[in-house]
Ligand SMILES: Nc1ncnc2c1ncn2[C@@H]1O[C@H](COP(=O)(O)OP(=O)(O)O)[C@@H](O)[C@H]1O
Ligand SMILES: [Mg+2]
């Protein structure tokens with residue numbers, strides 16, 4: 001069985017068999033480098049506020065953003081599964097997530113057959129820009145699907161109002 005490894009922004013990924021194992025990785029050194037950089041430019045407070053109002057919480061969120069990413073991804077899939085999301089099968093305390101594995105796709109393939117282009121109309125440029133990057137997508141069960149849906153922006157964007165009518169079996173309809 002061929003095992004592959006990949007680095008994401010906040011997680012280390014082991015691709016084995018039919019699954020992708022996403023391991024949250026802490027980022028203390030990157031946090032320290034950024035702290036020094038923003039200390040020099042006098043932007044520490046402003047930057048921290050983009051994560052949380054409490055500076056301690058903001059630092060915590062930055063260092064442990066892999067855990068928060070796993071939490072968001074697992075939660076979004078459980079609460080608002082959609083056909084264009086790769087299923088997140090398990091989460092072990094948000095430290096390790098197990099997702100179905102897809103195959104990488106090129107930018108051209110994504111542009112030719114984007115799974116939710118119409119949803120992006122009128123949305124902020126930063127978000128639509130990310131949603132046109134092939135690294136966020138893969139081919140899963142013949143469809144182009146989002147594999148990295150871990151950010152708070154995505155959680156807000158793709159979450160549906162909760163309803164007991166919406167269950168995992170309804171996913172094919174969306
Ligand atoms: N379900 C998956 N199937 C195939 N490859 C994947 C899958 N999940 C992640 N990967 C690979 O791992 C990389 C990092 O995963 P990602 O979810 O983007 O982590 P991060 O949120 O830390 O950026 C992806 O760009 C992709 O190459
Ligand atoms: Mg990523």
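The values are calculated or read from the model by the stated rules, or taken from the named source; none is laboratory data. None of the values given here were measured: they were computed from a predicted structure. All Cβ positions, glycine included, derive from the backbone under ideal geometry; neighbour counts span all protein chains shown.
Scan region 89-126 for residues that are within 14 Å of ligand 2 (Cβ to nearest atom) and under 21 Å from residue 76 (Cα atoms) and jot them down.
97, 99, 102
Just one of the numbered conditions (1) closer than 30 Å to residue 36 by Cα; (2) assigned to a helix (DSSP H, G or I); (3) modelled with pLDDT of 95 or more is not true of residue 127; which one?
So residue 127 meets the others, but not (3).
Residue 115 - would you say it is in contact (Cβ under 8 Å) with a residue 12 or more places away in the chain, over 24 Å from residue 66 (Cα atoms), outside any helix (DSSP H, G or I) and more than 9 Å from ligand 1 (Cβ to nearest atom)?
When the stated conditions are applied, residue 115 passes them.
Loosely packed, with under 14 Cβ neighbours inside 10 Å and either assigned to a loop (DSSP other than H, G, I, E, B) or in contact (Cβ under 8 Å) with a residue 24 or more places away in the chain (or both): which single residue out of 160, 139 fits that description?
Numbers: 139 fails: loosely packed, with under 14 Cβ neighbours inside 10 Å.
Of 160, 139, the one residue that is loosely packed, with under 14 Cβ neighbours inside 10 Å and either assigned to a loop (DSSP other than H, G, I, E, B) or in contact (Cβ under 8 Å) with a residue 24 or more places away in the chain (or both) is 160.
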